[in-house]
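Comments concern the structure below.
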Amino acid sequence: MPHPTPEEVKGLVGGGSSGLVTRLLDSDVFASFRSSKLTMLAAFIVLLMFFGAAFAPWIAPFDPFDPAKVFLSDASIPPRWQAAGDPRFIFGTDDQGRDLYSAILYGLRVSLIVGGLGVLLAAAIGITLGLVAGYVGGRVDALIMRVADVQLTFPAILIALLIDGVVHSLWKGVSREESAIPVLVISIGLSFWVQYARTIRGSTLVEKNKDYVAAARLVGIPTPVIMLRHVLPNVIGPVLVILTINLGLAIITEATLSFLGVGLPPTQPSLGTLISIGNQYLFSGDWWIVAFPGATLAVLVLAVNLLGDWLRDALNPKLR
Amino acid sequence: MLAFIIRRIAQSLFVMVAVALIAFLMFRFVGDPVNQMVGIDTPQEEVARLRESLGLNDPAIVQFGRFVWDVLHFNFGVSYQFRLPVTQLLAERAPATLELALTAAIFALIVGVIMGVYCALNRDSWLARVFQAVSLVGVSLPTFLIGILLIYLFAVILGWLPSNGRGQVVKIGEWWTTGFFTASGLKALILPAITLGLFQMTLIMRLVRAEMMEVMRTDYIKFAKARGLRTRSIHFGHALKNTLIPVITIAGLQLGSIIAFAIITETVFNWPGMGILFLKAVQNVDIPIMAAYLMLIGFLFVIINLAVDLAYGLVDPRLRVAMRA
């Protein structure tokens with residue numbers, strides 16, 4: 001997947017935060033946003049899903065995890081518009097009688113939390129290592145970038161699986177319910193940091209030779225402060241684009257791990273877990289148990305990817 | 001050129017040593033190997049003797065050396081779950097995964113190139129737009145969802161193709177089994193191969209389209225047109241030939257990730273390959289299998305990367321000059 005080099009995206013960084021909203025509304029980026037209907041639709045869908053996930057406990061008509069309100073007699077009811085449907089359940093119910101619409105809202109919540117935290121962890125690791133590698137240089141740089149090279153040899157999903165297995169075996173006393181979310185976040189964080197590190201290192205190498213860094217050094221500002229307060233704000237720009245593009249990948253990774261049975265357990269389902277449950281009932285004709293969570297996941301990832309593609313192009317000065 | 005080859009091989013060796021180190025650390029420190037071999041009522045002296053005889057009291061570097069020595073002799077230890085040598089378990093399942101990966105790669109390459117060329121030559125036709133939309137969806141849909149969708153359509157509703165297993169297989173030689181020679185084997189291969197190859201197909205399609213559009217604008221294509229050559233000969237003899245080098249590179253590099261992604265496809269279709277074995281190992285913390293699979297995939301990636309880089313240098317004279325500099 002092509003990603004903007006630091007040089008490409010550097011144009012957008014810099015300046016203070018005064019009048020951020022007016023600057024945003026006047027900017028080329030906002031103009032390009034308004035000119036693309038597809039992007040606006042994607043943004044609308046993403047916002048809608050974030051909203052639904054954030055307020056799931058208030059929006060969802062049922063609490064799918066309250067055993068007192070879930071009845072096995074309600075199991076496998078088709079969606080409302082079908083002949084055998086029940087008006088209480090818009091998208092029908094799953095094998096245990098849980099309202100599918102409510103389960104999807106809660107699942108979306110878990111998927112977005114895991115994906116979002118995973119991407120943020122990856123960015124934190126990548127930015128730190130990239131900054132250190134670029135600024136300190138020498139052996140530290142060589143070591144960090146060699147590790148990055150080795151890791152790039154393997155697909156992220158394989159690394160996430162390995163980390164998942166290793167961490168679970170090290171945390172023997174902890175139950176899967178408690179450990180699932182932290183383990184997934186760690187797996188995603190450790191699988192996706194390389195791209196941030198490479199990008200940040202590239203721009204740090206350029207920035208550290210500039211006069212303002214030399215000036216800061218002459219004044220006697222300690223190195224960690226120079227890295228954080230002076231260099232970091234000037235190299236952080238491209239991270240936003242990578243964050244958006246990686247969010248889609250992270251959501252897919254979480255869903256895949258949950259589908260493979262090493263992610264979230266059925267008692268605390270994400271979209272991937274719901275799909276995995278529904279997959280077992282595909283042959284008995286209960287298509288809705290897999291179809292609605294699957295469609296939600298597909299639409300979410302597609303919308304996030306469209307947004308990421310647009311952001312990459314909009315922030316690329318060469319394409320303006 | 002020689003310096004480049006030596007440097008490249010040294011890099012590959014470094015990667016393999018690093019992967020071996022990770023595999024060794026997992027082997028040694030995640031899940032104590034002795035605990036897996038003894039029962040609860042084994043006397044303490046017995047455990048200590050076993051520990052000594054396995055060499056677990058030696059310095060770490062000696063143990064790592066022994067681990068590498070074993071790996072070089074294809075000895076990856078014994079699986080905790082199956083109580084069988086890991087090498088044997090992997091060898092039994094390797095043919096299924098390799099046949100699936102190879103079929104998926106060929107499918108991705110052929111269909112991807114055809115769709116890419118069509119999209120580049122007929123940029124504004126409706127079919128090209130459909131292909132573009134399909135490629136966007138193909139990149140966004142997770143592999144397992146595509147598999148489920150195909151199963152529902154072709155196995156549940158239409159009932160044309162089987163939804164799990166390899167069908168009937170034939171034995172070739174000592175241990176290789178193949179599904180290529182039976183009707184049910186070939187039928188069973190179709191859906192998993194499409195599922196596994198779809199992502200790579202969209203990748204190749206996008207690449208061919210972009211490269212082809214670039215080449216069509218170059219002077220030598222204009223000159224070929226001016227010479228009055230036939231359109232077909234320009235498109236396929238001149239343009240396509242020059243787009244294929246980067247395409248083959250990417251396709252080669254993707255072969256490794258196809259084998260790794262087979263984990264997902266094999267789970268969806270219950271395909272008896274190495275991927276399912278690895279997944280079971282992750283679920284049950286069967287470290288020897290995890291370590292061996294990691295080494296195997298690492299080795300494949302390194303070899304493919306190396307081959308592609310070296311072939312690139314041989315094929316493209318411009319790169320040879322750049323390497324010397």
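Please treat every number below as a calculation from the coordinates, not as lab data. Note that the structure is predicted; figures quoted are calculated from it, not measured. When we count neighbours, we look across all protein chains shown, and the Cβ atoms used for this are built from the backbone with ideal geometry, even at glycine.
Taking the C-alpha atoms only, the angle from helix B:60-72 to the longest principal axis of chain B is near 60 degrees.
Taken over the protein assembly as shown, the convex hull of the Cα atoms encloses 229 Å³ per residue. With q set to 0.07, 0.08, 0.09, 0.12 Å⁻¹, the log10 of I(q)/I(0) for chain B, from the Debye formula over equal scatterers at the Cα positions, is -0.40, -0.51, -0.63, -0.99.
For the protein assembly as shown, the tally of Lys pairs with Cα-Cα distances below 17 Å comes to 5, considering only residues 8 or more apart or on different chains. Amide H contacts under 5 Å for B:Thr177: B:Ile172, restricted to partners 5 or more places along the chain or on a different chain, H placed in the peptide plane at 1.01 Å from N.
Sort the following peptides by mean Cβ neighbour count (other Cβ atoms within 10 Å, averaged over residues), highest first: B:179-185, A:239-245. If you can, show how the numbers build up before the last one.
On the way: B:179-185: 15.0, A:239-245: 20.4.
The most tightly packed comes first, giving A:239-245, B:179-185.
For the residues of B:277-288, the average number of beta carbons from a partner chain within 10 Å of their own beta carbon is 4. Using only Cα atoms, find the angle between the long axis of helix B:274-283 and the longest principal axis of chain B, and express it within 0 to 90 degrees, rounded to the nearest 10. So the helix axis and the longest Cα principal axis differ by about 50 degrees.
Would you tell me the mean number of C-beta atoms belonging to other protein chains that fall within 10 Å of each C-beta in A:156-163, as a whole number? Walk me through the intermediate numbers first.
Working: counts 2, 7, 11, 2, 0, 9, 9, 1.
Mean shielding by partner chains, rounded to a whole number: 5.
Dividing the mean sequence gap of close Cα pairs (under 8 Å, 6+ apart) by how many residues the range B:38-133 holds gives a relative contact order of 9 percent.
The protection proxy used here, the mean number of other Cβ atoms lying within 10 Å of each residue, ranks peptides B:200-210, A:120-130 as follows, highest first: B:200-210, A:120-130.
Pairs of Cα atoms under 8 Å, at least six residues apart: use those to get the relative contact order of chain B, whole percent.
Reported as a whole number, the value is 27 percent.
From other protein chains only, count the Cβ atoms within 10 Å of every residue's Cβ in A:291-302, then give the mean.
Numbers: counts 3, 0, 1, 7, 1, 0, 5, 7, 1, 1, 5, 5.
Mean shielding by partner chains, rounded to a whole number: 3.
What are the equivalent ellipsoid semi-axes of the range B:81-159, built from the alpha-carbon gyration tensor (square roots of five times its eigenvalues), in whole angstrom, biggest first? Please list the in-between numbers first.
On the way: eigenvalues 249, 62, 24 Å².
Output for the range B:81-159: semi-axes of 35, 18, 11 Å.
For chain B, the longest principal axis of the C-alpha atoms and the axis of helix B:126-140 are separated by about 20°.
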